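**Q** Shown below is the structure under consideration.
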Amino acid sequence: MFQVCVLASGSKGNSAIIRTENTKIMLDAGLSGSKLAKLMQQAGMDETKLDAVMISHEHSDHIGGAGVMCRRYNIPLYISDQTYLVSQKKLGKLPAGVKYIGSSDSFLIGDIKVTTFPSSHDVVDGTNFVFQKEGEPDRKLAFATDLGYTSRFTLLKFKEASTIVLESNHDEKMLHEGPYPWHLKQRVKSNQGHLSNNQAVGFVGQIVHPGLKNIILAHLSEQNNDPKLAEDLMRGFLNSINFTTNLKVASQYEPTGLIDI
Ligand SMILES: [Zn+2]
Ligand SMILES: [Zn+2]
């Protein structure tokens with residue numbers, strides 16, 4: 001078994017579970033402890049066991065519930081040293097300690113191998129991830145949200161993945177015509193902001209390969225996007241190149257369900 005479930009995704013809170021028979025990692029914990037427990041239950045998971053919480057960056061929609069989860073399960077927090085420094089107050093006491101991760105790192109948690117790579121976002125040390133089950137080289141999950149553009153690292157990591165979770169944050173026209181103040185629009189669009197639907201499609205065009213089984217679009221803006229728009233754009237592109245794959249859009253309010261990586 002090697003599965004991913006995006007519990008919630010969007011500016012009101014992000015969290016996902018990556019699991020094997022033996023190991024369960026929570027990637028980001030940007031919701032309250034009770035909401036996270038409910039979402040795990042809703043997704044059909046035993047919410048009494050968790051091995052690690054891992055953090056991509058310090059924004060509250062990714063870190064808000066991390067301290068609570070670490071205390072509840074008495075498990076360590078995997079986080080970069082710089083991110084930890086700026087988040088210590090938000091996190092509170094961590095009795096099981098902190099494990100520092102670098103932004104180009106590789107390490108094992110149980111039987112899941114984690115590889116990190118840097119993301120371009122307006123934070124101290126943004127990280128994106130690849131997850132692999134030990135002994136199963138063909139099944140890889142590449143996970144990248146909160147990035148202003150896709151770097152060469154992103155391309156290399158995503159090219160080999162069987163499942164990708166990729167940001168598809170906004171529709172460029174909706175952002176442009178929407179209610180955000182000018183400076184916020186500029187921030188979202190910038191190289192340290194968020195990927196648009198068009199950018200997500202362009203990127204998938206660069207990395208698509210026969211082994212790509214699942215595409216999960218994530219971190220959609222409620223204000224500046226519409227799930228149907230993001231999905232239709234990606235599906236239209238995949239159809240145009242005759243590529244069949246499982247396409248899903250992660251939601252802010254309900255889990256995706258468990259997806260085989
Ligand atoms: Zn975010
Ligand atoms: Zn962010």
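**Q** Scan segment 202-229 residue by residue and report those that are outside any loop (DSSP other than H, G, I, E, B) and within 17 Å of the chain's Cα centre (by Cα).
**A** Residues satisfying the conditions are Phe203, Val204, Asn214, Ile215, Ile216, Leu217, Ala218, Pro227.
**Q** Which numbered condition in (1) within 26 Å of Val188 (Cα to Cα); (2) surrounded by 18 or more Cβ atoms within 10 Å (Cβ to Cβ) is the only one that Asp81 fails?
**A** (2)
**Q** Next question. Please pick out the residue among Tyr100, Tyr73 that is at pLDDT 95 or above, of a type in the set (Ser, Thr, Tyr) and under 22 Å from Val130 (Cβ atoms).
**A** Exactly one residue qualifies, and that residue is Tyr100.
**Q** Just one of Lys185, Lys157 is of a type in the set (Lys, Arg), under 15 Å from the mean Cα position of the chain (by Cα) and crowded, with 17+ Cβ neighbours inside 10 Å; which is it?
**A** Criteria check complete, one pass: Lys157.
**Q** Condition check: small (Gly, Ala, Ser), touching a Pro at 6+ places or on another chain (Cβ under 9 Å) and more than 17 Å from Ile216 (Cβ to Cβ). Does Ser151 satisfy that?
**A** Answer is yes for this residue.
**Q** Hey, another quick one. Out of segment 8-41, which residues are among the small types (Gly, Ala, Ser) and more than 13 Å from Arg72 (Cβ to Cβ)?
**A** Listed by number, the residues that qualify are Ala8, Ser9, Gly10, Ser11, Gly13, Ser15, Ala16, Gly30.
**Q** Provide a single number: the residues in segment 1-49 that are within 18 Å of Ile216 (Cβ to Cβ) and among the polar types (S, T, N, Q).
**A** So the answer is 6.
**Q** While we're looking at this one, here's another question. Name the residue that is surrounded by the most Cβ atoms within 10 Å (Cβ to Cβ), counting only residues in segment 188-198 that are within 16 Å of ligand 2 (Cβ to nearest atom) and within 21 Å of Glu231 (Cβ to Cβ).
**A** Leu195
**Q** A follow-up question, please. When residues of segment 117-148 are filtered for being more than 11 Å from ligand 2 (Cβ to nearest atom), surrounded by 24 or more Cβ atoms within 10 Å (Cβ to Cβ) and among the β-branched types (Val, Ile, Thr), how many remain?
**A** 1
The values are calculated or read from the model by the stated rules, or taken from the named source; none is laboratory data. These figures come from a predicted structure and were not determined experimentally. Cβ sites come from the backbone with ideal geometry, for glycine too, and all protein chains shown count toward neighbours.
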